[in-house]
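Here is the structure we will look at, set down as structure tokens.
We did not get these values from a lab; they are worked out from the coordinates using the rules stated. This is a predicted model, so every value here is computed, not measured. Every residue, glycine among them, receives a Cβ derived from its backbone with ideal geometry; neighbour counts consider all protein chains shown.
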Amino acid sequence: MTPDDGNLLVVDDEPFLREAVATSLRFLGFEVSAAENGTDALRLARNRPFDLLILDVMLPDIDGFELVRRLRRDGNRVPVIFLTAKDTQDDKVTGLTIGGDDYMTKPFGLEELAARVRTVLRRTRPAPVEPVLSFADLTLDQDIYEVRRGRRLIELSPTEFRLLRYFMLNPGRVLTRTQLLDHVWDYDFGGSSTVVSTYVTYLRRKLASDGPDLIHTQRAVGYSLRLPRPGDEASPGEVSPASQASAAASQASAAASQPSAAQRQASASGQPSPDESQAGSDEP
């Protein structure tokens, strides 16, 4: 999709301005629909997918602000550039607060409007995502739902897969627990950071079984997918898989070096331990 490609809706009750804007944008390659009032604009926006609305604030029936409020209540997040003859700070704040992406005061130049249209579309269009994401020796194939570290296939639950995908779409970026809840769980279930910490721990354990940790904790902030750095430590309450393995080995070694209960009892009584007795019975 080129920068001058998209489906736009121009809404203004001034016929000359509406036609001038629509004609100039069509000349640049955009597909443009037009409406002269808020009622028609609301109907069109609800029935057709637009890439951008160019919306006059002062309309004769439903004003532009109220129109956008209704669309947002419907769940429609179409980008909006507001047009207005009122150059007041309050109006600009209102327009941007309710979900507007830009704000232009009349009169304006058509070239400037075209530049702002391109900017908003570039900013709001989702970036194309390749089916296979990669970071270090980690690959995630979105088409076949497969994750590998090196050559080894890693089995992940659906939630772990979505969590890793979001990390791999944002490598090196520190993601807050709130961001992870919003983008991975994708619904408001009243969850807390505990569920995020739990799944991050699951995912770290699976990924680090064949290499260094790639998911790191930024204390009091969140987590990031990055290569390890000298001096990296596990966050309080979280133990890295490598540390867990080391601790298990240390515990096993300590247990092996401790005398058994029978040995301690024999030592206290002055009698040879069962191991010593067995060793003596093997002598000629």
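Where a Cα-Cα gap under 28 Å defines reach, which lysines qualify for LYS206, not counting those fewer than 8 residues away within the same chain? Answer for LYS206, where 28 Å is the Cα cut-off: none of the lysines qualify. The chymotrypsin sites (Phe, Trp or Tyr not before Pro) of segment 72-113 that meet both conditions, a loop assignment by DSSP and at most 15 other Cβ atoms within 10 Å of the site Cβ, are PHE108. Using only the Cα atoms of segment 1-127, build the gyration tensor, take square roots of its eigenvalues as a ≥ b ≥ c, and label the shape rounded, prolate or oblate: rounded if a/c is under 1.5, else prolate if a/b is larger than b/c, else oblate. Taking the square roots of the gyration eigenvalues as a ≥ b ≥ c, segment 1-127 is rounded. Rounded to the nearest 0.05, what FRET efficiency do ARG48 and ARG69 have when you use their Cβ-Cβ distance and R0 = 22 Å? The formula returns an efficiency of 0.70 here.
Taking the Cα centre of segment 51-95 as reference, the dipole from Cβ charges on Lys and Arg (+1) and Asp and Glu (-1) amounts to some 240 debye. The modelled label-to-label distance between TYR202 and THR159, using points 7 Å beyond Cα along the C-beta direction, is 0.5 nm.
Length, then width, then depth: along the principal axes, the Cα atoms of segment 121-160 run 40, 22, 15 Å.
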